[in-house]
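Undergrad: Next up is a structure, given as structure tokens.
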Amino acid sequence: MISIANLSHDYPGIRALAEVSFTLEAQTITALVGPNGAGKTTLMRALCGLERPLAGSIEVDGIDVIEEPRRAHERIGYLADFFGVYEALSVAQCLEYAAAANGIRQGLHARINETAAALGLSTRLTQAAGTLSRGLRQRLAIAQAIIHGPRVLVLDEPAAGLDPEARHALAALLRSLQASGMTLLVSSHILAELEQYATHMLILEAGRLREFRALAPAARDTHTLVVELAAGAPTAALILAAQPGVAQVTQRDHRLLFEFTGDARAQAALLHALVTHGLPVAGLAHARPDLQQLYLDTLKTRGASHES
Ligand code: ATP
């Protein structure tokens, strides 16, 4: 759905993006992360045809964004990191304006109602945008970004300034937009939150793509667990591997990492079995590396390679 190749962008005296390439499949949600000044906003703006890059190509839904930005805009919804709403207009008028700006003429009324319903704004249609709370304003801005039915939605730090409840609602909303067929690219500094909905992670650093990876969906009953031993036990890996539900055991010092299929009861039975076999178990815990860990590990690897 999105294909970027060798994208470079310069501001006067600064290379904001350097030969960035990646492809995003349809109906994925990609978390775009990286330190301040990494180039996230620049990448998003270029993807939306709002910056003309120095070099490279950008394709969205088969359209060359650089050659045909207007056509590309029909397929893309964009929420900027700093956005404004027309405070004096009602929510319905804001949506009408956004629709008209995107060339939507027909079925306007139905579209406004549908979009407002999708964003939980149905009861706010007559309220002035300037009187909405931060969270509702954010919802209105997203509604404005999707009123024309884009296939791709690009959100630059959509959760900034939202309270925990509104963030949770935003995560649910993004998942439902994905389920409705959209492909999303979302930047945020709040990694724990991206983890709630991201299917992929893209790390930018100093204008370069540091990492692009799929985030393994947490299968319902399969977890990566770690057994911590209080002392060395030469037969521990063998004993563990022989237990029901256990696969892919790897041992590092006193830690055994493995995949486990089973519910909490099965986990309790496993722990009992290990203790019964005489293993000095000090702990059993989940070990799925979270997004924050992956991010920090990636930046650390860079630090190490720079130092060497
Ligand atoms: P943040 O997480 O702080 O929002 P970011 O990853 O979105 O940062 P960008 O805003 O894309 O980063 O900026 C990338 C680099 O380009 C930075 O060094 C920034 O100072 C520079 N930059 C961004 N916009 C401009 C501009 N209009 N003119 C000159 N330099 C710019």
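Undergrad: Which of the peptides 222-235, 182-195 is most tightly packed, and how do the rest follow, judged by the mean count of other Cβ atoms within 10 Å per residue?
TA: Averaged packing, sorted descending, gives the order 182-195, 222-235.
Undergrad: Using the basic label-point model (7 angstrom from Cα toward the beta carbon), what is the Glu87 to Ser57 distance in nanometres?
TA: Simple spin-label model gives 4.6 nm for this pair.
Undergrad: What's the magnitude of the charge dipole for the chain around its Cα centre, counting Lys and Arg as +1 and Asp and Glu as -1 at the beta-carbon? Answer in Debye, nearest 20.
TA: Taking the Cα centre of the chain as origin, the dipole is about 300 debye.
Undergrad: Sorted by average packing, counted as other Cβ atoms within 10 angstrom per residue and highest first, what order do 66-78, 267-279, 30-42 take? Walk me through the intermediate numbers first.
TA: Values: 66-78: 17.8, 267-279: 15.3, 30-42: 20.9.
Going by the mean number of other Cβ atoms within 10 Å, highest first, we get 30-42, 66-78, 267-279.
Undergrad: OK, next. Please name whichever of Ala269, Ala172, Ala99 sits farthest to the positive end of the charge dipole of the chain, dipole taken about the Cα centre and charges placed at Cβ: Lys and Arg +1, Asp and Glu -1.
TA: Ranked along the dipole, the leading option is Ala99.
Undergrad: How far is it, in nm, from the label point at Ala242 to the one at Lys300 when both lie 7 Å from their Cα along the line to the Cβ?
TA: It is 3.5 nm.
Undergrad: Picking from Ala46, Gly181, Pro12, whose Cα lies most toward the positive end of the charge dipole for the chain (charges on Cβ: Lys, Arg +1; Asp, Glu -1)?
TA: Gly181
Undergrad: Efficiency by 1/(1 + (r/R0)^6): what FRET value for His109 and Thr23, r their Cβ-Cβ distance, R0 = 35 Å, to the nearest 0.05?
TA: Using R0 = 35 Å, I get an efficiency of 0.40.
Undergrad: Let me ask something else. Highest first, please rank the peptides 94-102, 164-172 by the mean number of other Cβ atoms sitting within 10 Å of their residues.
TA: 94-102, 164-172
Any read-out appearing in this document is the output of simple, stated calculations on the displayed coordinates, not a laboratory observation. These numbers come from a predicted model, not from an experiment. Please note: Cβ atoms are built from the backbone with ideal geometry, for glycine as well, and neighbour counts cover all protein chains shown.
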